[in-house]
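Engineer: I'd like to ask you about the structure that follows.
The values are calculated or read from the model by the stated rules, or taken from the named source; none is laboratory data. Computed from a prediction, not measured in an experiment: that's the story for all the values here. FYI the Cβ positions are ideal-geometry reconstructions off the backbone, even for glycines, and counts take in every protein chain you see.
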Amino acid sequence: MSSTESSTSVGGLVRGLQIAAVLTVLSLAFQFVTAGQLLPDGGSDTLHAGGAVALHLFSGLTTVAAVLLWRRSAVPAALAGLAGAVFVLTFAQAAVGGRSTLWIHIPGAMVVTTGAVWVAVWALTRANRT
């Protein structure tokens, strides 16, 4: 592969990382909105569960892009690791997502959100410089 093809490939992966990271954060925002609809009335959790599937998908795509970029030495291992941790934590969140476990689900949501925002900010501000 030539260096032009390689830099084009990396550029496409960076754009993919940026898009997936932003979609991860947006899906988290959706989760907060739908959770807010659950709490006062005890409403249906269908939208919230569907949003969790989207969150798994987008955080997984973010992880794949970050790992591929790390393997090409385009991003630090810490970014790929953080993206992977966010992805894994989305499943832990889903596992403790019942009404009786909100005491751990809500703080867990804060951790996932912090990690996802950190990845997105890094992807949008620093990935273009690598």
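Engineer: Buried (at least 19 other Cβ atoms within 10 Å of the Cβ), at pLDDT 95 or above and over 28 Å from Arg99 (Cα atoms), is that true of Leu17? Don't jump to the end; show me each part of the working.
Structural biologist: Working: buried (at least 19 other Cβ atoms within 10 Å of the Cβ): yes; at pLDDT 95 or above: yes; over 28 Å from Arg99 (Cα atoms): yes.
In short, yes.
Engineer: Something else about it: When the residues of the range 53-98 are narrowed to those that are touching a residue at least 12 places away in the same chain (Cβ under 8 Å) and hydroxyl-bearing (Ser, Thr, Tyr), which ends up surrounded by the fewest Cβ atoms within 10 Å (Cβ to Cβ)?
Structural biologist: Thr63
Engineer: Of all the residues that make up the range 53-73, how many are in contact with a Ser or Thr (Cβ under 7 Å, 6 or more places away or on another chain) and not hydroxyl-bearing (Ser, Thr, Tyr)? So that I can check it myself, show each step before the final result.
Structural biologist: Within the range 53-73, the first condition is being in contact with a Ser or Thr (Cβ under 7 Å, 6 or more places away or on another chain), and the residues that meet it are 54-56, 58-59, 62.
Next cut, not hydroxyl-bearing (Ser, Thr, Tyr) only: 54-56, 58.
Total meeting the criteria: 4.
Engineer: Can you say whether Ala116 is assigned to a helix (DSSP H, G or I) and under 10 Å from the mean Cα position of the chain (by Cα), as far as the supplied structure shows? Quick ask: steps written out before the conclusion?
Structural biologist: On the way: assigned to a helix (DSSP H, G or I): yes; under 10 Å from the mean Cα position of the chain (by Cα): yes.
Taking the combined requirement at face value, the residue satisfies it.
Engineer: Something else about it: Suppose we keep only residues that are among the aromatic types (Phe, Trp, Tyr) and under 21 Å from Leu23 (Cβ atoms) within the range 99-130. Which one would you say is surrounded by the most Cβ atoms within 10 Å (Cβ to Cβ)? Reasoning before the result, please.
Structural biologist: Taking the range 99-130 and keeping what is among the aromatic types (Phe, Trp, Tyr), we get 103, 118, 122.
When the remaining residues are screened for being under 21 Å from Leu23 (Cβ atoms), the result is 118, 122.
Numbers: Trp118: 15, Trp122: 20.
Filtering the range 99-130 for residues that are among the aromatic types (Phe, Trp, Tyr) and under 21 Å from Leu23 (Cβ atoms), the one surrounded by the most Cβ atoms within 10 Å (Cβ to Cβ) comes out as Trp122.
Engineer: Same structure, new question: Looking at the range 75-108, which of its residues are β-branched (Val, Ile, Thr) and assigned to a helix (DSSP H, G or I)?
Structural biologist: Narrowing the range 75-108 to residues β-branched (Val, Ile, Thr): 75, 86, 88, 90, 96, 101, 104, 106.
If the condition is that a residue be β-branched (Val, Ile, Thr) and assigned to a helix (DSSP H, G or I), then Val86, Val88, Thr90, Thr101, Ile104, Ile106 are the ones that fit.
Engineer: Look through the range 32-85, keep the residues that are aromatic (Phe, Trp, Tyr) and under 17 Å from Thr113 (Cβ atoms), and return whichever of them is modelled with the highest pLDDT.
Structural biologist: First, pick out the residues of the range 32-85 that are aromatic (Phe, Trp, Tyr): 32, 58, 70.
Next cut, under 17 Å from Thr113 (Cβ atoms) only: 32, 58.
Details: Phe32: 92, Phe58: 98.
Only one residue tops the list, namely Phe58.
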